[in-house]
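Colleague: My structure is below; once you've seen it, I'll send some questions.
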Amino acid sequence: MKVREVMTSDVGYCQPDTSLTGAAMIMWQRDCGVVPVVNEQKRVIGMITDRDICIAVATKNRLASDIQVSEIISGKVAFCQPNDDVEDALKTMKKRQLRRLPVTDKDNVLLGIISMGDLLNVGKGKEIKKKLLAAIREITSFRPVHLHEITAEHAKHDGQNEYSNELDQTPWVKFVEEQIITADTMISEETEKPEISK
């Protein structure tokens, strides 16, 4: 299966001089959490997420309307192209721990976007389901977090601290857990199906 068969073509995007308010409005209108950043030739030069916006506003002590997208994007972008195999796009997502990839032509002009949700909706066959499950686990694996507010006093008797317990209740973590359970169930059902003798 090719990327072009599952990607979303109608994608909102912004430019480097767009304010964070403008980028957030695009996310709100499109009901998404990430927006590609393009130059005047519509070539992708970055990606901005709702998390990027929140952190920038909190740390820069300025209004979102006064901060430009160019101030916070890194410029390091992973791409895929329409004729790439879906499994290759999935490998890139897994390696870079990304839930979405911009789809571009050979000149990096934006053509669309592909997400884990797209892949979950179209994944068929035991092998692709296993790869999707492995990618979800890798992408959502927790990275080391250094928070000075968390101390030994927060430790619970079961060895978990209050922070990790609260994190387990967040919508995204719950969503991922549901997807993993669903994928596990589908894989089990495929594995347990008896072979029909001819």
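The values are calculated or read from the model by the stated rules, or taken from the named source; none is laboratory data. All of these numbers come straight from a predicted model, not from anything done at the bench. Positions of Cβ are backbone-derived with ideal geometry, glycine not excepted, and every protein chain shown enters the neighbour counts. Calculation scope for accessible area: heavy atoms of the full protein, side chains included, ligands and nucleic acids excluded. Shrake-Rupley method; radii C 1.70, N 1.55, O 1.52, S 1.80 Å.
Colleague: From the list 35, 3, pick out the single residue that is without any contact (Cβ under 8 Å) to a residue 40 or more places away in the chain and open to solvent by less than 10 Å² (accessible area, probe 1.4 Å).
Modeller: Values: 3 fails: without any contact (Cβ under 8 Å) to a residue 40 or more places away in the chain.
Among 35, 3, only 35 is without any contact (Cβ under 8 Å) to a residue 40 or more places away in the chain and open to solvent by less than 10 Å² (accessible area, probe 1.4 Å).
Colleague: Go through segment 56-91 and count every residue that is modelled with pLDDT of 95 or more and among the β-branched types (Val, Ile, Thr).
Modeller: Final tally of qualifying residues: 2.
Colleague: Let me ask something else. Given the conditions (1) open to solvent by less than 70 Å² (accessible area, probe 1.4 Å); (2) under 21 Å from residue 51 (Cβ atoms); (3) modelled with pLDDT of 70 or more, and given that residue 103 satisfies all but one, which numbered condition is not satisfied?
Modeller: Only one criterion is unmet by residue 103, namely (2).
Colleague: Okay, moving on. Taking the conditions exactly as written (at pLDDT 95 or above and among the hydrophobic types (A, V, I, L, M, F, W, C)), does residue 24 satisfy them or not? Full working, then the answer.
Modeller: Numbers: at pLDDT 95 or above: yes; among the hydrophobic types (A, V, I, L, M, F, W, C): yes.
When the stated conditions are applied, residue 24 passes them.
Colleague: Which numbered condition trips up residue 41, out of (1) free of Cβ contacts under 8 Å to residues at least 60 places away in the same chain; (2) outside any helix (DSSP H, G or I); (3) surrounded by fewer than 19 Cβ atoms within 10 Å (Cβ to Cβ)?
Modeller: (1)
Colleague: Can you tell me which residues in segment 57-79 are of a type in the set (D, E, K, R), surrounded by 14 or more Cβ atoms within 10 Å (Cβ to Cβ) and assigned to a loop (DSSP other than H, G, I, E, B)?
Modeller: Once the filter is applied, which keeps residues that are of a type in the set (D, E, K, R), surrounded by 14 or more Cβ atoms within 10 Å (Cβ to Cβ) and assigned to a loop (DSSP other than H, G, I, E, B), segment 57-79 yields nothing.
Colleague: Also, quick follow-up: With respect to residue 82, determine if the residue is closer than 24 Å to residue 107 by Cβ and either assigned to a loop (DSSP other than H, G, I, E, B) or of a type in the set (Gly, Ala, Ser) (or both). Can you show your working first?
Modeller: Values: closer than 24 Å to residue 107 by Cβ: yes; either assigned to a loop (DSSP other than H, G, I, E, B) or of a type in the set (Gly, Ala, Ser) (or both): yes.
Judged against the criteria, residue 82 is a match.
Colleague: Pairs only if they're at least six apart or on different chains, beta carbon under 7 angstrom, first in segment 128-147 and surrounded by fewer than 16 Cβ atoms within 10 Å (Cβ to Cβ), second at pLDDT below 60 and among the aliphatic types (A, V, I, L, M); list them, first residue then second.
Modeller: Close Cβ pairs (under 7 Å, with a partner that is at pLDDT below 60 and among the aliphatic types (A, V, I, L, M)) amount to 137/180.
Colleague: Residue under question is residue 54, and the condition is that it be in contact with a Ser or Thr (Cβ under 9 Å, 6 or more places away or on another chain) and either open to solvent by 50 Å² or more (accessible area, probe 1.4 Å) or in a loop (DSSP other than H, G, I, E, B) (or both); does it hold?
Modeller: On the way: in contact with a Ser or Thr (Cβ under 9 Å, 6 or more places away or on another chain): no; either open to solvent by 50 Å² or more (accessible area, probe 1.4 Å) or in a loop (DSSP other than H, G, I, E, B) (or both): yes.
No; evaluated as a whole, the condition is false for this residue.
Colleague: Find the residue count for segment 4-21, including only residues that are farther than 16 Å from residue 43 by Cα, at pLDDT below 95 and either assigned to a helix (DSSP H, G or I) or in contact with a Leu (Cβ under 9 Å, 6 or more places away or on another chain) (or both). Reasoning before the result, please.
Modeller: Of all residues in segment 4-21, those farther than 16 Å from residue 43 by Cα come to 4-8, 19-21.
Imposing the further condition that a residue be at pLDDT below 95 reduces the set to 4-8.
Within this subset, residues satisfying the condition of being either assigned to a helix (DSSP H, G or I) or in contact with a Leu (Cβ under 9 Å, 6 or more places away or on another chain) (or both) are 4-7.
Number of matching residues: 4.
Colleague: If only one of 49, 92 is among the hydroxyl-bearing types (Ser, Thr, Tyr), under 26 Å from residue 130 (Cβ atoms) and under 17 Å from the mean Cα position of the chain (by Cα), which one is it?
Modeller: Values: 49 fails: under 26 Å from residue 130 (Cβ atoms).
Answer to the check: 92.
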